[in-house]
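Take a look at the structure set out below.
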Amino acid sequence: SYDDVPVERLLYDWNWISLFFNRVNTAMGKNPVYPFTIPPPVVTKLGFVHRVVREASREEPA
């Protein structure tokens, strides 16, 4: 579960998975599935959103 994992770990796993599928596609003569890298400012924004959503999901309902 990724409940208590920092966004950097999520993105590390995403990078590994996207590289894997890109290599599979390339080996079959296809274009990469996800040919992008996530720039540091986007990582920062994703980290913020991840924290906000995670904290909101832990709050007690009113």
Note to self: Residue under question is TYR12, and the condition is that it be assigned to a helix (DSSP H, G or I), among the aromatic types (Phe, Trp, Tyr) and without any contact (Cβ under 8 Å) to a residue 24 or more places away in the chain; does it hold?
What the structure shows: yes
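In the range 15-57, how many residues are of a type in the set (Ser, Thr, Tyr) and in a loop (DSSP other than H, G, I, E, B)?
At the first step, the residues of the range 15-57 found to be of a type in the set (Ser, Thr, Tyr) are 18, 26, 34, 37, 44, 57.
Going one step further and asking which of them are in a loop (DSSP other than H, G, I, E, B), we end up with 34, 37.
Residues flagged as of a type in the set (Ser, Thr, Tyr) and in a loop (DSSP other than H, G, I, E, B) within the range 15-57 amount to 2.
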Check: Could you give every pair whose Cβ atoms fall below 8 Å, whose first residue belongs to the range 35-62 and is farther than 16 Å from ASN15 by Cα, and whose second residue is β-branched (Val, Ile, Thr) and surrounded by 10 or more Cβ atoms within 10 Å (Cβ to Cβ), counting only separations of at least 6 or pairs across chains?
Finding: HIS50/VAL7; ARG51/VAL7
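Each value in this text was obtained by applying a stated rule to the coordinates, not by laboratory testing. In this text the structure is predicted, and so the values were computed from the model without any measurement. A quick note on method: Cβ atoms are made from the backbone with ideal geometry, for glycine too, and the neighbour counts reach across all protein chains shown.
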